[in-house]
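The values are calculated or read from the model by the stated rules, or taken from the named source; none is laboratory data. Fair warning: this is a prediction, and the values are worked out from it, not measured in the lab. With ideal geometry, Cβ positions are generated from the backbone for all residues, glycine too; neighbour counts draw on all protein chains shown.
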Amino acid sequence: MTELMEWIGPLTVEQRIVMGIAAVVAVFAVAVLLVSLLIGWRKALAVCVAAVGIAVAGLFVIPVGTDELTSHPAPAADYAAGMEIFQKKLLASPEPLNPLCEPYVLTHGAKVARVVVLVHGVSSCPRAYVDFAPELFDAGANVIVVRMPQNGYADRASDALGRITAEELAEFGDTIVDAAVGLGDEVIVAGISAGGTITGWVAQNRADVDRAVLMAPFFGLGGTNRWTNEAAMRAMLVAPDFTIWKDPAQRENFTGGMAHAYVRQSTRGTGQIMRLGAAVKRQAAETAPAAGDIVVITNAADTAVSNAVTDSVVAAWVADGANVTTYTFPARYGLGHELVDPEEPGADPALTYPVILQLIDDPAGFDPSTVGRAAD
């Protein structure tokens with residue numbers, strides 16, 4: 001088994017998916033063989049195909065309960081109230097934190113013209129913005145760098161991600177906006193990956209958000225479209241939770257990767273993040289987003305999330321008449337998924353930071369023709 005895990009470890013996500021499909025086909029063939037011993041191979045094949053068809057059809061109709069996800073705003077009345085929300089609701093942790101993962105506020109000591117909330121991605125933590133947040137602060141903004149629920153614990157092999165719920169993330173989205181309103185006249189929320197999903201939620205639901213900036217948002221799994229993503233989400237929500245180790249051979253003993261990131265993911269937690277994204281998609285199809293304007297930044301080289309699913313959300317917002325600005329980093333740059341984390345493989349802050357900062361500051365003045373590396 002160890003040798004098998006060592007062989008699987010270096011494989012790409014796509015290669016693992018192919019292996020998974022091959023395993024499913026093998027299990028199907030064995031099932032047909034076993035049933036054929038009782039009723040003959042033709043009837044066995046028909047029964048097994050019918051069973052698979054029913055199971056697959058069920059993945060498209062199982063309700064996921066997005067109607068119950070609602071926003072409950074309670075914005076801070078002033079700077080002191082905003083800081084109190086941060087200290088009581090966003091600073092506290094039920095478990096010891098990785099010392100790299102403490103949430104923090106870069107503040108000028110009073111309410112200022114602009115506050116920016118930065119939300120990291122799943123399995124990461126506030127450390128992702130270690131270089132990015134100070135640039136916003138130096139430009140005059142108060143900056144709140146938050147820790148997503150169930151993330152950033154000292155135990156990098158924690159099973160906490162399996163406890164994530166869409167309800168918890170929606171409440172977290174409300175809380176970060178509630179705190180931010182007290183720290184700045186103009187409220188901007190920017191999130192990467194699952195943080196982008198949460199940012200999409202507040203964009204749809206919070207009128208006190210002036211600008212929502214979604215970076216490589218996680219509305220769909222890489223390689224999926226709208227329909228296959230819906231099926232994958234339902235499968236992860238109804239099936240037993242499954243751990244996906246970054247290194248299947250080393251598992252909890254893996255010491256590589258980014259020191260502030262978990263060493264494993266959860267299928268159930270991933271499904272719950274996608275459920276929040278499904279709620280955003282459903283709401284966007286019904287009503288216009290509440291935020292003043294929306295910026296969506298994607299990466300054509302990204303294999304972690306589905307840009308096609310993200311595009312469907314953007315299309316719904318545009319159809320609603322929302323003010324949406326989009327930009328996609330070309331695939332030729334070979335950027336990693338975490339566009340802001342300087343420790344992400346494939347990161348290029350010299351390329352990405354100016355673009356993201358400009359789109360946070362003034363999307364109307366952004367000129368895509370100015371983007372590029374010095375060697376371009």
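When you scan region 142-174, how many residues do you find that are over 23 Å from Asn205 (Cβ atoms) and in contact with a Leu (Cβ under 9 Å, 6 or more places away or on another chain)? Matching residues across region 142-174 total 3.
Looking across region 101-154, the residues that are surrounded by fewer than 24 Cβ atoms within 10 Å (Cβ to Cβ) and charged (D, E, K, R) come down to Glu102, Lys111, Arg114, Arg127, Asp131, Glu135, Asp138. Being more than 16 Å from the chain's Cα centre (by Cα) and closer than 19 Å to Gln204 by Cα: is that true of Ala315 here? So Ala315 fits the description; yes. Within region 77-88, residues that are of a type outside the set (Asp, Glu) have Cβ atoms under 6 Å from residues that are part of a helix (DSSP H, G or I) and surrounded by 19 or more Cβ atoms within 10 Å (Cβ to Cβ) in these pairs: Gly82/Ala179; Ile85/Asp178; Ile85/Ala179; Phe86/Ala179, counting only partners at least 6 apart in sequence or on another chain.
If you go through region 353-375 and keep only what is part of a helix (DSSP H, G or I), over 11 Å from Tyr327 (Cβ atoms) and without any contact (Cβ under 8 Å) to a residue 24 or more places away in the chain, you end up with Pro354, Gly365, Ser369, Thr370.
The single condition from (1) assigned to a helix (DSSP H, G or I); (2) at pLDDT below 65; (3) closer than 30 Å to Ala278 by Cβ that Leu11 fails is (1). A Cβ distance below 6 Å, combined with a sequence gap of six or more or placement on separate chains, defines the contacts here; from region 320-339, residues that are under 18 Å from Ala190 (Cβ atoms) and without any contact (Cβ under 8 Å) to a residue 40 or more places away in the chain reach residues that are hydroxyl-bearing (Ser, Thr, Tyr) and crowded, with 16+ Cβ neighbours inside 10 Å in the pairs Thr328/Thr298.
Across region 211-253, the number of residues qualifying as closer than 16 Å to Trp317 by Cβ, out of contact with any Leu (no Cβ under 7 Å at 6 or more places or on another chain) and not basic (Lys, Arg) comes to 5. Is it the case that some residue within region 41-50 is charged (D, E, K, R), at pLDDT 70 or above and part of a helix (DSSP H, G or I)? Yes, because at least one residue in region 41-50 is charged (D, E, K, R), at pLDDT 70 or above and part of a helix (DSSP H, G or I). Listed here are the helices (runs of 4 or more DSSP H) enclosed by region 180-297 that have at least 2 residues being surrounded by fewer than 24 Cβ atoms within 10 Å (Cβ to Cβ), in the same structural domain as Pro126 (by TED's automatic domain parsing) and touching a residue at least 24 places away in the same chain (Cβ under 8 Å): 226-238, 267-286. Being farther than 17 Å from Ile188 by Cβ, in contact (Cβ under 8 Å) with a residue 12 or more places away in the chain and part of a loop (DSSP other than H, G, I, E, B) holds for only one residue in Ala350, Ala301, Ala308, and it is Ala301.
Of the residues in region 88-140, how many are more than 21 Å from Asp185 (Cβ to Cβ) and in a loop (DSSP other than H, G, I, E, B)? Residues meeting the conditions: 20.
Filtering region 332-360 to residues that are acidic (Asp, Glu) and surrounded by 17 or more Cβ atoms within 10 Å (Cβ to Cβ) leaves Glu338, Asp341, Glu343, Glu344.
Regarding Ile144, is this residue without any contact (Cβ under 8 Å) to a residue 60 or more places away in the chain and either over 21 Å from Gly269 (Cα atoms) or in the same structural domain as Phe172 (by TED's automatic domain parsing) (or both)?
When the stated conditions are applied, Ile144 passes them.
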